[in-house]
Structures are given as structure tokens and as C-alpha cells.
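**Student:** One structure follows; several queries about it will come next.
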Amino acid sequence: MNLFEKIFNHGILSRLEDSGTFMVTAHERGWLKTMLLHPAAPDAFAPETLKKLASILEQEQPFIIEEDLIEKARSMERQVYHPHLRTLRRIIVNRSGIRLGYTVKSGQAHQEQEGLPYKLEYSMVKREWYLLWYHMRNGSMMSTRLAKIAAIAELPLAADHAERLLADIQAKLHKRMASAKIQVMQEYNRELSRILYAFSCFEKDVDYHADTDCYTIALRFANNESEYVLSKIRFLGKRVKIVDGKLLQRRMYESATKALQLYGATE
Amino acid sequence: MAKESFDKEIQFLRMLVLTSGAYSRGQFAERLGISVHTFDKTIKRLKDIVSSVQQNLPQSKGKELAETIRYSYYDSTDPMLLFLYRAKSLKESESQRISLLLAAMQDSSLTTMELLDACCSTLPAELPMPDEKTIRSDLKYLEEVGVIAREPGPRPFRYRINNDLVTELTQDELLDLYHFVDVMSNTQIPSVQGYLLRDGLKKQLYRQQEALGAAEPFLYKYHYYSRILDEANLFTLLDCIRKRRYISFLYFSPKKPKSYASKNTNPLFEREAEGSQERTLPLQVVYDHQYGRWYLLSYDSRQGIKKYRMEGMTQMEVEEKAAAEEDFLKKREELDARIKYSWLIDTGRPITVRARFYNPGHSQPNFIKERVLLQGQWGVIMDEDEHSFIYEIIVNGTFEIKPWLRSFGSSCEVVEPAFLRKEMIEEWKELQTYYESVRENF
């Protein structure tokens, strides 16, 4: 199988779009058939849809990969398609409000909380789904694990009200952005590729000074992501140094000091 | 026409994505081992593809290429690098003809002659008119890639577009399918075919109900989105493995500053290729979730097990020669045993690592243990009390697991082996000096 088939050519594609033609290759159907074998598939469809799909794809060959392709250092796959996704996704697409019952980290249960859901977020690290929503009464930005949601009801919302809230959410998201500058220590420049890969899951700009052969990475992230950014920086160890971002620098100093105390290695 | 290679485009896009604006044109070209002229030509070609693929997305108009493929979390619903797979070049006449044939077959099944008529009556006059033979060969190709199907029945055969996937599902079911495809292509590998399907379904949904497209509900956090660039070579390699074939390629180790060299036809401009010519028997492909990188593990008769980063493999040629089944299985078995305890792909000596992890305390939820359970691979938790627990794992060498242990900061204390414990202490000491200047605030 070749991924660079001429049928995928951009010219053909845009012409088909103009004529309103839907085109699908055996490659894509084979991929779909493979994915439908995943234990998460029954959560994503009604049973009759699954049956229909099975009959449409009867002739297709699924990808046989087995031992030829393995994955390493993957977080355990706890959840791929949570049963709540279908319900919540429809509410988001409808731009409706929501009434939720859920429990928080401490175990405390909340009922009948009203809000506007705006995204469903999957963490590739935790391998789990979260609902991002705006809490109407106290105006806070919420992130709730789907696994902790016990009750969901759709609340009709006037279009202009939803519009206003979404604009408000945008502004709040924008305000929550934090940034940090990270310098690649020069003796590790030959590991640049590894370092840049590690940061490729963030919004970033890279700056290169040819005179000093020095790379600086400017990261942008939501301020509640700082813990994850820090764990990445500790992960890379001596290869990188935070050069701008007081809070993160302080946390790194604290980590190092506490770790040395743990090892009984303080002077 | 010579086989079209996308090595240059792939290396180009990877560098653009990873270094996000760090290099000037000259610096960029130098690192790719191409001229500034080739750099400009490549960027123009890629921009043309992006703009034709995204013609209906007004927000992307006029953006610079680097800007278009720049990662922005809240706008990250469409995989930006997918357009690479739309880059196969095609003659204008062929592109027009194939699109016309497909559009014609959308409404009803047609014979070769009917399709020829449809083509001749619709194609612009300045293009050469196809003959029956051309149409037959187009149909053969389209049938091969599964885009059309031949109807059962006597000659002359009738062909129809194979789009049961959208015609047999209701609007609601189609939406379920779209979201399933979205989730699976984002969370599973391989994913390029899924992204291509997602793209087709998305356009179909737009056509049926424009408003649906306005809200893309899903986001994927901490995603290595450039991983799809390496899938370009994945299927060639998987196919080689299945057929036990040898391959040869020009390899650029990612530690070298140059990552590509133009294949020169003009001897006056010949550069010294810095890559090394390799020939090997592929055994297994590994995807590393820690960095979002791909590896090929293979066998070389002189050096035994070899490891290559897939991003460094260019000018790949599959050989006719295949290994004997028995030999292949023996090598593969050997490899399985060697990587059984690899945190990633290290085939060094197995060693037992023991580390004490400290719980967060203050009756907080135990996110430390949760993370160890989630990411600790085959390691086990033991000697647990209310403050801490021991994590033990047999692993090949300590090089690959060390960053993970260090990422826990002061919640992790390496107990064994002693040399790793010592290394950790040294590293924390050095890291402490990095931030000495903020000490007074601590």
C-alpha cells in the first residue's frame, strides 16, 4: 500500500469537492475495519450502526500488523471512547447548555450544576477524556473527567446567550496562557532533535543565534499545565534550562533541593 | 517517469515543524543540504498544495506556510501535515479526467463507452480528448484502489462509485462515524488513512448540513502531531517485513547537523552525501510514545541487530531478495528476547532498578502512584505504606528509564543500582546550580 497514491492528489481532491463527490479508497476502509476491531468501538455506535458498518466493510481487508509494529512507553490505555462522548458531543454541536452531576477529586459529589460545555479533551498522557465547560453560576472554567460524571441533561440556550458565553470563554482561555523560555544547553546541541521532539506537543517558537550556536524555545501553555511542563523539563534534565519564567525556575530549584535532601546529599 | 520520492518534502516539513521559525532561509537550506533556490521552489510547491486543499477554509488564506502548519492547541482539530499525502504529482489532464469520471459515476452506474462520452462532452476543449483505452486504464486503476466497483452482470460492464459508507448510513450515523474516525486517528497508530477518511467524511457532512462543521468538539492534549510524517515510510517497511525483504537506504543519523542531501543529477553541483548507505533486513517497527518517534529494528549479517530512527531514512529501495522464512523467524525471535526488557529500544544488559516513590501527602489524591501505574510499563509496586512505595523493574540499561524517573522530581528516590543513584545525585546537584540565582526567593 502506498500512501502517495495519485487518487489522493490535491487537484483531484479539490475538483471532487467542487462537484460534491464523496470518494473513499480501500485503504481507508481497511483502516476503518481495523479500528472497528478495537474494544472501544461498541461505545461509539448504536448496535444497528455497527451491524451496518460490518456489512458495508465485509469485503475489506483489515490491516494485519500484529507483532510487526509495537508501541513502547505508552501510558496504559484506560479509555479510548467513553460512552458519554456521544451525548456530550451532540450538546456541544447544538450549542446547548448542560446540567451535570459529578464528583470531584476529593470525592465530594455535586448535583444539578449548570454550565456551557465547549470541548471534550483527551489527554494522550493520562489516556482519559475530560469535559471542558463553563460554570454558569460562579463563572469558573471547569475540567471534569468523563468517568466522574454521573448525570447529564441538555439545557436549551438562546443562540445569542451561547454566543456571549463562548466569547467570554475565549477571553478567559486567552488570559490563562502562560509562557516560559527554555534554553538548550550548548553541549547538548547534538541532541537537539530529541529535545525539540519532546516539546513538539506544545505551542512554541524556536529562536536560533548563529553567533553563539544557541537555541531558545519559547513555550506557550495554559497556566494549569505548568506541572506537565515542569515534568518535561525535569525529564530532559541537564539538557535544558529555563531562562525566563520565575515561577518555573523557583519550582525547579525547589525540586532539585528537595531531591538532594531526599538523597541525604545536601552540603 | 522516475518514482517520485517525497523525502525532501518530509525532511523539509519536519524541520519546519520542529524548529518553528528558528532558521533563516540560508540556514534552513544548509541544514537540509539543498540550495536556497531548491528551498524556495519546495516552499512554493508546498504552499500551492496547502492552498488548493484548503480552498474552502477562508481563515487560512494568505497565511505563510510556517504559519499554516504552526501548532495552536485550540485550533488543532485538522491535522496540519496531512497535506503532504496530497502531494503526489499528476498531469492536469489526468486530474481533470479522473475527477470527471468519479463525478459521473456518482449518480448512476455507467459503461466504459458512456463514461468516454461523458468525458468528451465535459472536458475543456483545450485538453486532449481521451480514447477508450485511456478510460479503461483509469477504470482499472480506480477499481484497484477500491474507489469504484464493477456491477455484477453481463458485458458491457457497468461501474459505480463505491460510496456505500455514506449512502447507507443516516445523517446521525454518519456523524457517529465521523467522530469515531476522529478519535481513533488521533489516539491510535497508524493514523494517516484515518485522517484521510476523516477529511472525506467532514466534507460530506458539510455538504449535508453546513452548521455541523462549525463546532469541532474534540481536542487531544500532548499530542505529537508531527508523527504522521514518518508514516510515509511505515507501510513500505511493514510490507517488507511481511515479505521478509531486504531494503537499502541512505541514512542520516539525527545527531548529525544535516538531515537530507539532494540526489544530484548535475555533477557540477554534486555535494558530498553525508549519509551512510545501509542495507538491512527489517524485523520490526517501534513507535516510542515518550518522544513521538519511530524506529526500525533490523538485522545485519555483520553487525547483528541494528536500530534506525525512521526520520533519518531516505531514498529507500526495496530489494527483490527475501530472507529465508526460517532465518527471518530466528532473527525475530532473537530480537523479541533482546527487547523484552527495553524501556524503549535499548538492547543492553538487563538490570534491576528499584526506586522509592513518595505519596503527595495531606490526604491529597495519590497522583504519584496513579502515574506510576499508568506509565511504569511492566514494573511492579511493592512495600507500600502510607508515605511511599517501592517500584521495581528489570530493564535493559538505565539510560532510557532515567528521564522518566527524573521527571518525578523529589517524589522519586532511586535506591538501586548504586551507580544510577549516584548519577541522579550528580544531576540534581548540577540542576540546582542552574537555578541558584532564584535561591533567595525560595
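The values are calculated or read from the model by the stated rules, or taken from the named source; none is laboratory data. From a predicted model like this one, the values you see are computed outputs, not experimental measurements. We place every Cβ from the backbone using ideal geometry, glycine too, and count neighbours over all the protein chains shown.
**Student:** What number of residues within the stretch A:54-89 are within 8 Å of chain B (Cβ to nearest Cβ), in a helix (DSSP H, G or I) and closer than 30 Å to A:Arg145 by Cα?
**Tutor:** So the count comes out to 4.
**Student:** Spot the failing condition for B:Trp343; the list is (1) within 28 Å of the chain's Cα centre (by Cα); (2) within 30 Å of B:Arg242 (Cβ to Cβ); (3) more than 8 Å from every other protein chain (Cβ to nearest Cβ), and only one is missed.
**Tutor:** Unmet condition: (3).
**Student:** Let me confirm something: among A:Ile169, A:Ile195, which residue is touching a helix residue (DSSP H, G or I) at 6+ places or on another chain (Cβ under 7 Å), assigned to a helix (DSSP H, G or I) and within 13 Å of another protein chain (Cβ to nearest Cβ)?
**Tutor:** After applying the criteria, what remains is A:Ile195.
**Student:** If you don't mind, another one. Looking at the stretch A:174-184, is at least one residue within 13 Å of chain B (Cβ to nearest Cβ), buried (at least 18 other Cβ atoms within 10 Å of the Cβ) and touching a Cys at 6+ places or on another chain (Cβ under 9 Å)?
**Tutor:** yes
**Student:** Looking at the stretch B:108-148, which of the residues that are farther than 25 Å from A:Leu57 by Cβ and among the small types (Gly, Ala, Ser) is surrounded by the fewest Cβ atoms within 10 Å (Cβ to Cβ)?
**Tutor:** The selected residue is B:Ala125.
**Student:** For the stretch A:241-267, which positions are more than 9 Å from chain B (Cβ to nearest Cβ), touching a helix residue (DSSP H, G or I) at 6+ places or on another chain (Cβ under 7 Å) and β-branched (Val, Ile, Thr)?
**Tutor:** Matches in the stretch A:241-267: A:Thr266 only.
**Student:** Is the stretch A:139-155 home to any residue that is part of a helix (DSSP H, G or I), crowded, with 19+ Cβ neighbours inside 10 Å and not assigned by TED's automatic domain parsing to the domain that holds A:Asn224?
**Tutor:** Yes.
**Student:** Find the residue count for the stretch A:29-51, including only residues that are surrounded by 13 or more Cβ atoms within 10 Å (Cβ to Cβ) and part of a helix (DSSP H, G or I). Full working, then the answer.
**Tutor:** Taking the stretch A:29-51 as the starting set, the residues that turn out to be surrounded by 13 or more Cβ atoms within 10 Å (Cβ to Cβ) are A:29-36, A:38, A:40-46, A:49-50.
Narrowing the set further to residues that are part of a helix (DSSP H, G or I) leaves A:29-36, A:41-44, A:49-50.
Of the residues in that region, 14 qualify.
**Student:** Where in the stretch B:132-214 are there helices (runs of 4 or more DSSP H), lying fully within it, with 1 or more residues that are within 22 Å of the chain's Cα centre (by Cα) and within 11 Å of chain A (Cβ to nearest Cβ)? Give the derivation first.
**Tutor:** Working: elements: B:132-144, B:164-167, B:171-187, B:192-208.
By residue number, B:171-187, B:192-208.
**Student:** Still on this structure, I have one more. Sort through B:Glu325, B:Glu392 and tell me the only one that's under 31 Å from the mean Cα position of the chain (by Cα) and more than 14 Å from every other protein chain (Cβ to nearest Cβ). Reasoning before the result, please.
**Tutor:** Numbers: B:Glu392 fails: under 31 Å from the mean Cα position of the chain (by Cα).
Selected residue: B:Glu325, the only one of B:Glu325, B:Glu392 that is under 31 Å from the mean Cα position of the chain (by Cα) and more than 14 Å from every other protein chain (Cβ to nearest Cβ).
**Student:** Do we have any residue at all in the stretch B:297-305 that's buried (at least 18 other Cβ atoms within 10 Å of the Cβ) and within 13 Å of chain A (Cβ to nearest Cβ)?
**Tutor:** Within the stretch B:297-305 (the criterion being buried (at least 18 other Cβ atoms within 10 Å of the Cβ) and within 13 Å of chain A (Cβ to nearest Cβ)), the answer is yes, since at least one residue qualifies.
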